[in-house]
Amino acid sequence: MNLVFDFGNTRIKGAFFIGDKMGRTFFLNNNGIEKMEEIAEVSKIGITSVVNFPESFLKLIEQLNKPILTIDSNTPLPIRLNYDTLNTLGADRICNAVAGFSAFPNKNVLIIDLGTCNKYDFVDEKGNYQGGSIAPGFKMRMDAMHKFTANLPLINPGEISALIGKSTKSSMETGAFWGVVGEINEMVTQYQSRFNDTIVLATGGYLKYFEKVLKNFIFADPNLTLKGLNSILNFQDD
């Protein structure tokens, strides 16, 4: 059994896998992992992180005395990285790219990760990761409006249905929300017009706010990063 962790900017998500089959997922909290009933069956641990994870976490998993793989651009992968600055390539983007390729081999795949930033990553039909784009995320857009203006409030993301804001707060919400929707739709249009039969996958912590309005041919999977991490972990044994 594999145990994998995705350290994002705002949360830590984990999951257990048997082979390619995902078991229970969880968010790491103060209860720790040593009390989880699956721990005794774990044989390998994989970590992807966009932050410096706490020393206390490392000490905790080291006590499990299991092989630990921390993903970076030097990790052996089932795809090839065609990226100019490999040392700056985020481990989460690598995992998403692997997950997309694993789910749809021999296809052009665009992976959209709606997190703190919106990340767009493209893997071609030959398994070459070609790069992508990074843009401000949903909450970041609202935070920026507050930070760089004198009178706009600080607000948190929520469910958005209206197009026309009837207050300053709702105007900021609709601007940020529909701005992201427009960005996604245009990115998808550009990729699908340039690369034949491009399949689109979407994931990320803010995906839940956008699922209802995204084009119906986008495959949504909130656990895509974890699945990619597990595929990389299993690839080490091939």
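The values are calculated or read from the model by the stated rules, or taken from the named source; none is laboratory data. Only a predicted model underlies this, so the values are computations on that prediction, with no experimental measurement involved. Here Cβ is always computed from backbone atoms with ideal geometry, including for glycine, and neighbour counts include all displayed protein chains.
Take the range 134-178 and flag every residue that is under 19 Å from the mean Cα position of the chain (by Cα) and either surrounded by fewer than 15 Cβ atoms within 10 Å (Cβ to Cβ) or free of Cβ contacts under 8 Å to residues at least 40 places away in the same chain (or both).
134, 136, 140, 141, 177
Please report, ordered by residue number, the strands (runs of 3 or more DSSP E) entirely within the range 29-133 with at least 3 residues that are within 20 Å of residue 16 (Cβ to Cβ).
44-49, 68-70
I need the full set of residues from the range 176-212 which are in contact with a Gly (Cβ under 6 Å, 6 or more places away or on another chain) and farther than 13 Å from residue 137 by Cβ, in order please.
Hit for the range 176-212 is 201, nothing else.
For residue 16, work out the one condition from (1) part of a helix (DSSP H, G or I); (2) without any contact (Cβ under 8 Å) to a residue 40 or more places away in the chain; (3) surrounded by 12 or more Cβ atoms within 10 Å (Cβ to Cβ) it doesn't fulfil.
It is condition (1) that residue 16 fails.
May I ask you to list the residues in the range 146-173 that are touching a Gly at 6+ places or on another chain (Cβ under 8 Å), in a helix (DSSP H, G or I) and not acidic (Asp, Glu)?
171, 172 - these are the residues of the range 146-173 that are touching a Gly at 6+ places or on another chain (Cβ under 8 Å), in a helix (DSSP H, G or I) and not acidic (Asp, Glu).
(1) modelled with pLDDT under 95; (2) within 23 Å of residue 106 (Cβ to Cβ); (3) surrounded by 16 or more Cβ atoms within 10 Å (Cβ to Cβ); (4) not hydrophobic (A, V, I, L, M, F, W, C): which one isn't true of residue 236, the others all being true?
Unmet for residue 236, out of (1) modelled with pLDDT under 95; (2) within 23 Å of residue 106 (Cβ to Cβ); (3) surrounded by 16 or more Cβ atoms within 10 Å (Cβ to Cβ); (4) not hydrophobic (A, V, I, L, M, F, W, C): (3).
One line per residue, one yes/no per condition, for (1) within 19 Å of residue 133 (Cβ to Cβ); (2) of a type in the set (Ser, Thr, Tyr):
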position	(1), (2)
44	no, no
48	no, yes
59	no, no
63	no, no
66	no, no
76	no, no
79	yes, no
86	yes, no
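Go through (1) at pLDDT 95 or above; (2) part of a loop (DSSP other than H, G, I, E, B); (3) within 30 Å of residue 97 (Cα to Cα) for residue 193 and report which single condition fails.
(2)
Check residue 201 against each of (1) in a helix (DSSP H, G or I); (2) buried (at least 20 other Cβ atoms within 10 Å of the Cβ) and name the one condition it does not meet.
Only one criterion in (1) in a helix (DSSP H, G or I); (2) buried (at least 20 other Cβ atoms within 10 Å of the Cβ) is unmet by residue 201, namely (1).
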